[in-house]
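Shown next, in structure tokens, is the structure this report addresses.
The values are calculated or read from the model by the stated rules, or taken from the named source; none is laboratory data. These numbers were taken from a predicted model, which means no experiment stands behind them. Ideal geometry is used to build each Cβ from the backbone, glycine not excepted, and the neighbour counts take in all protein chains shown. Surface areas here come from the heavy atoms of the whole protein model, side chains and all, with no ligands, DNA or RNA. Shrake-Rupley method; radii C 1.70, N 1.55, O 1.52, S 1.80 Å.
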Amino acid sequence: MISDRIAPTQQPYGTAYEQMLEKVRYEGAYPTRERADEAVRLVLAGLGRQVTGEERVDLAACLPLEAARTLTGQIPDIQPLTGSAFVKDLAARTGASQATTRWDTGSVFSAVAAYAGPELITRILHRLPTGYALLFGRAELTPAA
């Protein structure tokens, strides 16, 4: 009988997403996993409004399922934002300071880069307006003269 069985304890998230949250929590020095989760959801939703095409599909494929859903659940903006406008937009959506939002973005992008790898991040940076390389902890890319 089904009612006689003890249901296994279910984690709210998959193991891969839990590991991502721990990485973000560590990188961002967040006091709780919930705070790291807020940062991940905010930043990935914002990134989902910026990244398009094959890079979007490839990035989603690299991320844990919950993170990929947050990224791909967004409709891309018609006019992509620069890196600084991206941070300003996220800060305005949450009411947080730009400094806090910049910290959140760097912490989450560090984890995203670890999942995606350098080649995909480079492809993404080539497609986005200026200012994102610094958010990913890289030197800003400049076109060859």
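Data for the structure
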{"item": "Among the residues listed as Y17, Y13, Y26, the single one being at pLDDT 95 or above, open to solvent by 20 Å² or more (accessible area, probe 1.4 Å) and among the hydroxyl-bearing types (S, T, Y)", "result": "Y26"}
{"item": "One residue from A60, A36 being in contact with a Phe, Trp or Tyr (Cβ under 6 Å, 6 or more places away or on another chain) and at pLDDT 95 or above", "result": "A36"}
{"item": "Pairs with Cβ under 6 Å, 6+ apart, first in region 23-43 and assigned to a helix (DSSP H, G or I), second crowded, with 20+ Cβ neighbours inside 10 Å and among the basic types (K, R)", "result": "R33/R25; A36/R25"}
{"item": "In region 56-94, the residues that are in a helix (DSSP H, G or I), open to solvent by 50 Å² or more (accessible area, probe 1.4 Å), among the β-branched types (V, I, T) and in contact (Cβ under 8 Å) with a residue 24 or more places away in the chain", "result": "T72, T94"}
{"item": "Those residues of region 95-108 which are open to solvent by 10 Å² or more (accessible area, probe 1.4 Å) and in a helix (DSSP H, G or I), in sequence order", "result": "Q98, A99, T100, R102, W103, G106"}
{"item": "Restricting region 84-131 to residues that are among the hydroxyl-bearing types (S, T, Y) and under 12 Å from the mean Cα position of the chain (by Cα), the residue that is nearest to A45 (Cα to Cα)", "result": "T105"}
